[in-house]
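Let me begin by presenting the structure, written as structure tokens, before commenting on it.
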Amino acid sequence: MAASVFDSSLFSRLFPTGEAGRLFTDSAEIRAMLLVEGALARAQGEMGLIPEPSARYIHRAAMEVQIDPGGLAEATGRNGVCVPGLVAAFRAAVEAPEHGQYIHWGATSQDIIDTGLMLRLRQLLEHNETTLREVLSTLATLAGEHAETPMAARTWGQAATPTSFGAHVAHWGAPLLALHQELPALRQGALWVSLSGAAGTAAALGPHAPQLRGKLAEALRLHDPARSWHGDRTPILRVADWITRCCAALGKMGEDLTLLAQSGIAEAAPGGGGASSTMPQKQNPVAPAALTALARQAASLSSALTGAALHRQERDGAAWFTEWLILPQLCLSGASALLQAREMTRAIAPDPARMAATLADTGGLIHAEALSFRLAQTMPRPQAQAAVKALCVEAGESGAALAGLAARDFPDADLSGVFDTRAQLGQASAEARAFAAAVRAL
């Protein structure tokens, strides 16, 4: 097995990453850091901090130069960071010492690495937003079409009361919709530029360092945090938390679809079914299982990333290295989950007849709560609940329908609508339609 399923040709269709996968490569990292170096030089030239001709030269060269990641390996292994080797290679590539001397002026490795990472995280969130909207659109259609399709709600794995498949879908989509709505604030509060110099004081950048940081943020379409954040990994944790919660919401959908497709229930066929190597009759819920696995991976990686946020003093090499090990995998888990969910949701096939059969198979016991509240209109609630519980036991032992037993024992009670599934959906249909409307309003 490959070290990471996201880099594996064998597993590329089971855990796809799409365009997001290209953001977490050596080439993408180097390209992002060069963009930062070029934008920094340009801003410094505009402020008169370095000669304007050199600033223009460096900015243009940063857009054009090609640097082999393998050529930086030895320096990176020796220095623990890739920027010293990158700067040396950049200076050599421009072949203009009079200009190259101003590359990386006053910055530190972490400024370049963290800001380059933010450029890639911004693109990641853009990809995720696009895919998330597609998932939400599909779920909204399902919720609207099946707002009144009755099915058994289940608690603790057992039939509870009636709901609708549309409401079930809406409950999958609600946290995803909330995550979509969080994106503007997430970008504002997490996609920060870093420009604080060697120890976070920006001493080498001079008295105009705050102004320079603002210009750099504007040039790169990032946000200016108005402070140093070398040892504060809150922006990273915010992005990671969003990804983790997205994976959790998609994983919950995967878990539910796995159960809805299981033998004896089969109320909905999820997309992404796969064949067994030996049992011809099986269609395994592969896509839902992949979502569950990715959610579990994201949860464990998020925990480890939180531990890596404990940076000692102004910069902590071990904590920073740990972040590099974890964050790309977490980001790709989220991207893969969204892509898998997009294809899976498009192929979800609910079976209303099977849902109706499941409701009927309960012998009316699924309406026990409704019966107890109807009886409570004419007797104390504890007495009504005890009476219905006794009828449920009798129904289970005799196979008799709960409706018939209730009519026998309470001939004078008004039981109209109690055993009508559609009359017992409560707010399910309204919630399904409200979710569909909210998605359409995006």
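For the stretch 146-195, the candidate set comprises residues that are within 30 Å of PRO210 (Cβ to Cβ), open to solvent by 10 Å² or more (accessible area, probe 1.4 Å) and not hydrophobic (A, V, I, L, M, F, W, C); within that set, the residue that is nearest to the chain's Cα centre (by Cα) is GLU182.
Of the residues making up the stretch 104-139, those that are open to solvent by 10 Å² or more (accessible area, probe 1.4 Å), hydrophobic (A, V, I, L, M, F, W, C) and farther than 19 Å from VAL239 by Cβ are TRP105, ALA107. Counting just the residues of the stretch 397-436 that are in contact (Cβ under 8 Å) with a residue 60 or more places away in the chain and in contact with a Gly (Cβ under 9 Å, 6 or more places away or on another chain), which one comes out most open to solvent (accessible area, probe 1.4 Å)? Applying the filter and picking the extreme gives ARG433. Within the stretch 327-355, the only residue that satisfies the criterion of being surrounded by fewer than 21 Cβ atoms within 10 Å (Cβ to Cβ), more than 16 Å from THR141 (Cβ to Cβ) and hydrophobic (A, V, I, L, M, F, W, C) is ALA353. Here the condition is being farther than 27 Å from LEU132 by Cα, among the hydrophobic types (A, V, I, L, M, F, W, C) and surrounded by 19 or more Cβ atoms within 10 Å (Cβ to Cβ); of ALA198, ALA204, ALA226, ALA209, it holds for ALA209 alone.
Here's the yes/no breakdown for (1) at pLDDT 95 or above; (2) within 18 Å of ILE326 (Cβ to Cβ); (3) part of a helix (DSSP H, G or I):
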{"residue": "PRO210", "(1), (2), (3)": "yes, no, yes"}
{"residue": "TRP229", "(1), (2), (3)": "yes, no, no"}
{"residue": "ARG245", "(1), (2), (3)": "yes, yes, yes"}
{"residue": "LYS252", "(1), (2), (3)": "yes, no, yes"}
{"residue": "THR258", "(1), (2), (3)": "no, no, yes"}
{"residue": "GLY271", "(1), (2), (3)": "no, no, no"}
{"residue": "LEU291", "(1), (2), (3)": "yes, no, yes"}
{"residue": "ALA298", "(1), (2), (3)": "yes, yes, yes"}
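Could you give every pair whose Cβ atoms fall below 9 Å, whose first residue belongs to the stretch 321-342 and is over 9 Å from THR17 (Cα atoms) and of a type in the set (Val, Ile, Thr), and whose second residue is open to solvent by less than 20 Å² (accessible area, probe 1.4 Å) and part of a helix (DSSP H, G or I), counting only separations of at least 6 or pairs across chains? Every condition considered, the pairs that remain are THR322/LEU305; THR322/ALA308; ILE326/ALA240; ILE326/LEU305; ILE326/ALA308. Restricting ALA39, ALA20, ALA55 to those that are in contact (Cβ under 8 Å) with a residue 40 or more places away in the chain, under 22 Å from HIS208 (Cα atoms), crowded, with 21+ Cβ neighbours inside 10 Å and touching a Leu at 6+ places or on another chain (Cβ under 7 Å) reduces the list to ALA39.
On the stretch given as the stretch 358-396, residues that are of a type outside the set (A, V, I, L, M) and open to solvent by 40 Å² or more (accessible area, probe 1.4 Å) total 14.
Restricting attention to the stretch 1-32, the residues being on the phi < 0 side of the Ramachandran plot and part of a helix (DSSP H, G or I) number 15. Listed by position, the helices (runs of 4 or more DSSP H) contained in the stretch 77-163 that have at least 1 residues being in contact (Cβ under 8 Å) with a residue 24 or more places away in the chain and aromatic (Phe, Trp, Tyr) are 83-94.
Within the stretch 229-248, the set of residues being open to solvent by less than 10 Å² (accessible area, probe 1.4 Å) and of a type in the set (A, V, I, L, M) comprises ILE236, VAL239, ALA240, ILE243.
The values are calculated or read from the model by the stated rules, or taken from the named source; none is laboratory data. Everything numeric here is computed off the predicted structure, so don't read it as measured data. All Cβ positions, glycine included, derive from the backbone under ideal geometry; neighbour counts span all protein chains shown. Note: areas computed on protein heavy atoms with side chains; ligands, DNA, RNA excluded. Shrake-Rupley method; radii C 1.70, N 1.55, O 1.52, S 1.80 Å.
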